[in-house]
Amino acid sequence: MDWEKKMVVVEDFVEYQIFLVSEEPSDHEKRKQILQGYIESILAKFAPLLAPYIWQNQPFNLGYKAKKGNTPAHIGGITYFGDNIEDEWFIVYLLQETTKEYPELAARVEDNDGEFLLIEAADFLPRWLKPENSSNRVFFYHGKLCIIPLRQDGLELPDQATSIDVSQSLSLLAAFSEKLLATESVSKALRRRLEGYPDKIKDSLHHARCYVPAGIAAVLKERPHLVSAAVQAFYLRDPIDLKACRIFRHFPPETRVLSSVRFTKCLYAQLSQQRFQPDKRSGYTLPELSDPRYKACDLGMKLAHGFEIMCSKCSRPSGDFNMLPLQSPRWTGFLNSLKKNNFFKGEMEGSALYRELLKKAEVYFLQSFVKPERSAAESPGEEVLQLLNTLPISLEEMKKEEANLPPDEDDSWLDITPEKLEQILQDAAGPKESVPTSVANEKNYDLSEVTDSMKAFISKVSSHEGAELPWALAEAPITFDVDSFKSALENILGSSPEDLDSDDLESEEEFELLDSDEDQESQSDTEALGSLRSYMEVMDRELAQTNIGKSFTTKKTEEIPFPFDPNGPAEPGYAEDHSDEEDGSTEEHSFAPVDVDLNLVTNLLESYSSQAGLAGPASNLLQSMGVHLPDNTDQDPSADTALH
């Protein structure tokens, strides 16, 4: 078990439960027998997919789980999938298909992140559904995704608590399954993630030629799934592990032969992308990089290190206990179930293909039935040593087979171009609305959409959970109520200048005024607003000495008279033009309205252009509001021209 814990560096696991929806039978022993029968039937049903599958760390497994608290007796399992996320989604596919094949069963699944099915469809979830109340609400039933709501007309739901137990959920599924179906957008997001299964399994494999010791070639021919344990042992090696590889006791380099090894793409990438030089004392040497045998020698050398590390961790002698379960009545019953499900494809007993399928079935049975039920299952290294002691290994026969090996599969998928990366990201994000790319569309692009979206965003009410990004433009026009704004300011300022932050005062006289008036409890609203105007006056005088006003684009209209008292602040939305006369003795104040829309679009386009096609704040903000800007094809784009 210690070895298995080391293999799982990151605790990435998926836990799954399968429930019998009906409450019958109520007798515990009868219910246990029924659930155990389902375990055998499910594993036999999906044996054609599961038997040849290579798992990254641990396989899909099912076992009986007794009743505990409000959770009824059920079928359950847990799989640590490590770096290969596809193992997790393959299990999701299996659970969905299980509830489709067995309508009386319901299944739920979660991983170390929680309800990851909801995370996949996060953009389409109802607003009430949150991590704190999502437990025991998401199920597969009849092959469809169901979400149990907090409330719904016609349903006798529990009180609006943050949690619901499994028994309550199963009762609701049995009574109102059609009313609990997830929305089409949520279901579509999940279907997109599971698209391609089960054919997708074949696409995840990669075959490559490797120069490996004859013992490894024999072991992998008998138990192909052991390649994952060897790759993981090499990938997670440490200096102590490499001490065992100074002298190869179990896999000497002089017995190397050319063999075709089946990997998953994840395992192949982990093995091939690591640079490693073997110890000179080990006897393993690599040809020149230009040598056509280099890749096969490099892969085989790394595999040999992985197998040697595994075997070096085994202390007790190997025995034949591993085969004892194959002589039990349970194996006989499972074998009959495989025959009923056409696992052997109509082959006659004793034929070459029948024997090959029978070996896969035996390994599958040991992995799915025997190991999960043992408290101290043997490590992969012990399994390898046992095979080395029992398998016939003929070096001459393996040399003859080298001429008939299939060629290496193309591994160009390891090199991801920017175009491929963009396609992967688009596939993961789902279909998006088409963005106009032609020149005609660019000329007709309406930049008012940007300003409308921004105004809709500003008008949204936010909470402590963050801002709400509008997916559609608000239909109601955006208005500014001056009276409401003034009233809100008065409420904020209060009836006394004591409520003002002392850090905002600009002179010592004002500090002294506050000190002298500490005992006064109220001031009139007029005095408070007058004080506010004085602060804004000071701010205007300070800003007049800078070029901030010149950075704003104003509307091309006639000069507008000062909107307020000359001694008061300027009206919001207006820019003040300070121009000294020739003698420098007078200052002319002219105010032109700021073109807010033009300034907004100009600044956004400048920010978008500076991103040079990469992700950035402008593109992220606009895309989150449903605004897609066309590609910049001009050398010197002008927002002013685009607007007018």
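The values are calculated or read from the model by the stated rules, or taken from the named source; none is laboratory data. Keep in mind that what you see is a predicted model, and the values were worked out from it rather than measured. Positions of Cβ are backbone-derived with ideal geometry, glycine not excepted, and every protein chain shown enters the neighbour counts. Areas reflect the complete protein model, heavy atoms only, side chains present, ligands, DNA and RNA absent. Shrake-Rupley method; radii C 1.70, N 1.55, O 1.52, S 1.80 Å.
Roll a 1.4 Å probe over the protein chains and send me the accessible area per residue for the range 594-633 in Å².
I get 50 Å² per residue for the range 594-633.
Just add up the charged neighbours of TYR53: K/R +1, D/E -1, any other residue whose Cβ is under 12 Å from the Cβ of TYR53.
Cβ neighbours under 12 Å give a net charge of +2.
May I ask you to give the percent of accessible area on the range 227-297 that is carbon plus sulfur, with a probe radius of 1.4 Å?
The C+S portion of the solvent-accessible surface of the range 227-297 is 51 percent.
Counting only heavy atoms of protein chains, what accessible area per residue, in Å², does the range 199-341 have with a probe of 1.4 Å?
Averaged over the residues of the range 199-341, the accessible area is 48 Å².
Of the heavy-atom accessible surface of the range 1-136 (probe 1.4 angstrom), what whole percent is carbon and sulfur?
On the range 1-136, the fraction of accessible area on carbon and sulfur atoms equals 49 percent.
Can you give the local net charge around ASP408? Use residues other than it whose beta-carbon is closer than 15 angstrom to its beta-carbon, Lys and Arg +1, Asp and Glu -1.
After counting each charged neighbour, the total is -1.
Quick check: residue separation of LEU181 and LEU236 times 0.36 nm, minus the Cα distance between them. What number comes out in nm?
Value of the extension gain: 15.5 nm.
Report the local net charge at PRO292: Lys and Arg +1, Asp and Glu -1, summed over other residues whose C-beta lies under 11 Å from its C-beta.
Charge balance in the 11 Å sphere: 0.
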